[in-house]
Amino acid sequence: MGELTFQVIDGLEAGAVFGDLASPVTIGREEDNKIRLNDERISRFHAKIQETEGRVILTDLESTNGTRVNGHPVRMRVLSIGDQIHVGRCVLVYGSQQQIDEKIINEEDSSDNSKRIDTDIRNRDQAHVFPDAYPGGPPEIPEGLTPLQAVELANVLDFVRTEVLSALYKCHEPVVRDGVNQVNLPNAAWHRLQRVPLQLAQYLKKLSEPHSEAGHGTVEDENT
C-alpha cells in the first residue's frame with residue numbers, strides 16, 4: 001500500500017501535512033512519535049497506525065482521552081482514505097489530497113454511499129463542540145485594500161462559499177434516527193467539505209508568517 005499521509009484540519013498544528021510516512025506511525029505528544037501534536041489532551045503515545053495484510057489499522061494505545069474515527073470512539077479500526085481521526089482537540093484526515101480526490105471520483109456516481117452527520121451537539125464529545133467564536137457577528141471586511149487585494153480576498157471568500165454550498169446542496173432531507181436529528185451527506189461531498197478547514201488553516205498560517213520571522217515577529221519590531 002505504500003507510505004501513509006495525514007492532514008491536520010483542526011488543532012494547533014492545523015494546516016500541517018505529515019506525508020510519506022512509513023508504517024508503523026505513532027501519534028502523540030512525545031518527540032519520538034512520527035506525528036507529534038502539541039495538545040495536553042493527547043497522551044504521550046496516543047495511537048498507532050500500521051499496515052497489516054494490505055489494510056491500514058488504527059489502534060488506540062490505551063490513551064487517557066481516547067481516539068475517535070469519524071466521531072465514533074474506537075479501540076481498533078480499519079481506516080479508509082478520507083477518514084477523520086480525532087485525538088484530543090486535533091482532527092486529522094487520513095490520505096493525501098490526491099488519494100482523496102481519486103476516491104471522490106470513484107464514489108461520484110454512488111447514490112447510496114453517504115455519511116450521516118449528527119446534528120445534536122448534546123451527543124458530541126465536549127472537546128469538539130465549537131462555541132460561537134464571534135458572538136458580536138461576523139468580522140468586517142478590512143478597509144483600505146488595494147483593488148488587487150480586494151479581488152484576491154474576494155476570491156478566497158468565494159472559494160469558501162462555493163465549497164460549503166456544494167456540500168449543502170447535496171444534503172439529503174433531515175431524518176431522526178434513535179432520537180437524534182441527522183442529515184445524510186454523500187461521501188464525495190463530505191470529503192470536499194472537510195478540505196475547507198485545512199485550506200483555511202494553511203491560509204491563516206501563511207498570513208501569520210511575516211509576523212513570526214526574525215525579530216520576534218511583532219508589529220512593534222517591524223516598526224523599530
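Quick note: the coordinates plus some simple rules give every number you see, no bench work behind them. It should be emphasised that the depicted structure is a prediction, and the values quoted were computed from it without experimental measurement. Counting neighbours? That spans all protein chains shown, and the Cβs are built from the backbone with ideal geometry, glycine included.
Straight-distance candidates among the lysines for linking to Lys48, with alpha-carbon spacing under 28 Å and chain neighbours fewer than 8 residues away dropped: Lys34, Lys103, Lys115, Lys205.
If you count, for each residue, the other Cβ atoms within 10 Å and average over each peptide, how do 144-150, 80-86 line up from highest to lowest?
Result, highest mean first: 80-86, 144-150.
Could you tell me the ratio Rg/Rh of the stretch 3-101? Both radii from Cα atoms, Rh via Kirkwood. Provide the component values of the computation, followed by the final result.
Numbers: Rg = 11.9 Å, Rh = 13.1 Å.
In the stretch 3-101, Rg relative to Rh is 0.91.
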